[in-house]
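So the structure is just underneath, and the comments pick up after that.
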Amino acid sequence: MKFANIFKRKKGRGFEPVKGYENEFGSIVRMPFRSTHKSAGYDISAIGSYVILPGMKGVINTGLTAYMKDNEWLALFVRSGLAYNNNLTLQNATGVIDSDFYGEHIRILLRNEGKEPFYVNHGDRIAQGVFLTYLKADEDTANIKEVRKDGFGSTGVKAA
């Protein structure tokens, strides 16, 4: 059982390298940044190199985790230039990183809708992350005993 989310940073929100990824690919993880003063999204870069064949998906490592307040989440979007120029999409349209995902590795699930292989190189900016707040329903019935175990559909799945 992982306890990383219990010891969350006291800062408001941000990104950190996931433990063990600092030097795994020969260089440190590239920290997300906003490209302009009025940019809403933080550009997120790939760690490692990948090839995504036409009609296929690829899981791209970032070497990052995100921390945020309990009523916030991180929305992930494919960079618009990649979508427009290379026919790339996020397999799940919008990635959702919940606040209790802290300490876990953020990975980007890209799909190549084009006709040519798409090459992702180490350090390429592949996605944008936007921090957002959310509201709860009056009769919220979230399972407070549920413990996050991983990403990509891991909550609410019974062990085999």
Would you kindly derive the ³J(HN,Hα) couplings of the stretch 64-80 from the backbone phi angles with the Karplus curve 6.51 cos²θ - 1.76 cosθ + 1.60 (θ = phi - 60°), listing them in order in whole Hz, with x for Gly and Pro?
-> 10, 10, 10, 10, 7, 6, 4, 9, 10, 8, 10, 8, 10, 10, 5, 5, 4
Can you work out the accessible area per residue across the stretch 33-149, with the rest of the protein chains kept in place, probe 1.4 Å, in square angstrom?
-> 57
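The values are calculated or read from the model by the stated rules, or taken from the named source; none is laboratory data. Model, not experiment: these values are computed from the prediction. When the accessible area is computed, the model is the full protein with side chains, heavy atoms only, and any ligands, DNA or RNA have been set aside. Shrake-Rupley method; radii C 1.70, N 1.55, O 1.52, S 1.80 Å.
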